Structures are given as structure tokens and as C-alpha cells.
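Visitor: Handing you this structure, nothing more for now.
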Amino acid sequence: QVRVVESGGGSVQPGGSLRLSCAASGLTFSPNAMGWYRQAPGKQREQVAVLISGIGTNYADSVKGRFTISRDNAKNTVYLQMNSLKPEDTAVYYCNLRGGRYLLDYWGQGTQVTVSS
């Protein structure tokens, strides 16, 4: 059974940094894509950064130049380094893994990121 677990959220002041981690276990396939999404109160879930195997990375315009996604294939882990955080980055951040024969989506439980002075 595929399991996706995030960690690393918390509270930080504007301009600060956080690093999120997402570890996948129970995999019987190599993921086609791993990435991060976020959902702020009253808003729809949006893509933040995604790493697509064999293609590359894609970032939301709002985080370009501030966030960096990376992956450790040996550990089936993906990271999100978030720098120069802004209050509008406050949200629950979810890790997503897509793959397998039917390209299913697997989600973590989410981790809260709060940016406030």
C-alpha cells in the first residue's frame, strides 16, 4: 500500500525559510511525478511545484525564484525548500505522487505552513 507522509511545516516570520519533506513508501513502481500543492483557507488547492520524471520541474508563478523542489530517488523522497516566505504562502501543503499502471494520485495528509509576523 502506497503511503505518502509530509513533514517540516511550521510557523515562520516573513522573509524566513522552511524545508518540507515528503517520503513515499510501499511503492512497487517508480513515480512519474512528485510534487507539492497547497490550499489556503477559502481557496482551491493549487499546484506549487512538481517534478516530472524525464521532463523536469514546473513552478507556480507565485513561487518562482523562491521555492526549489528536489528529489532523492533512492529514498523516494521529495523536498520543497521555501525561501523568502510571504504571508500569502500560508496554507496547508500537500505532497502528491502520481504513478503506477493507471497513473493514480496519492496524497499525504498535509502539513501547515504559517507565515506571520
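Visitor: Return the residue satisfying two criteria in turn: it lies in segment 68-117 and is part of a strand (DSSP E or B) and of a type in the set (Gly, Ala, Ser), and of such residues it is farthest from residue 20 (Cα to Cα).
Guide: 99
Visitor: Among the residues of segment 42-62, write down those that are loosely packed, with under 10 Cβ neighbours inside 10 Å and under 19 Å from residue 100 (Cβ atoms).
Guide: Once the filter is applied, which keeps residues that are loosely packed, with under 10 Cβ neighbours inside 10 Å and under 19 Å from residue 100 (Cβ atoms), segment 42-62 yields only 54.
Visitor: If you don't mind, another one. So which pairs qualify, if the first residue must be in segment 73-86 and touching a residue at least 24 places away in the same chain (Cβ under 8 Å), the second must be of a type in the set (Asp, Glu), the Cβ gap must be under 9 Å, and the two must be at least 6 apart or on different chains?
Guide: Listed pairs, sorted by first residue: 78/72; 79/72; 82/89.
Visitor: Then there's this: Select from segment 24-41 the residues that are at pLDDT 95 or above and open to solvent by 20 Å² or more (accessible area, probe 1.4 Å) and write down the one among them that is nearest to the chain's Cα centre (by Cα).
Guide: 37
Visitor: How many of the residues making up segment 63-78 are crowded, with 21+ Cβ neighbours inside 10 Å and either touching a Lys or Arg at 6+ places or on another chain (Cβ under 8 Å) or under 17 Å from residue 3 (Cα atoms) (or both)?
Guide: 1
The values are calculated or read from the model by the stated rules, or taken from the named source; none is laboratory data. No experiment lies behind these values; they were computed from the predicted model shown. For neighbour counting, all protein chains shown are included, and Cβ atoms are generated from backbone atoms with ideal geometry for every residue, glycine included. Each accessible area value is taken on the protein alone, full model and side chains, heavy atoms only, with ligands, DNA and RNA left out. Shrake-Rupley method; radii C 1.70, N 1.55, O 1.52, S 1.80 Å.
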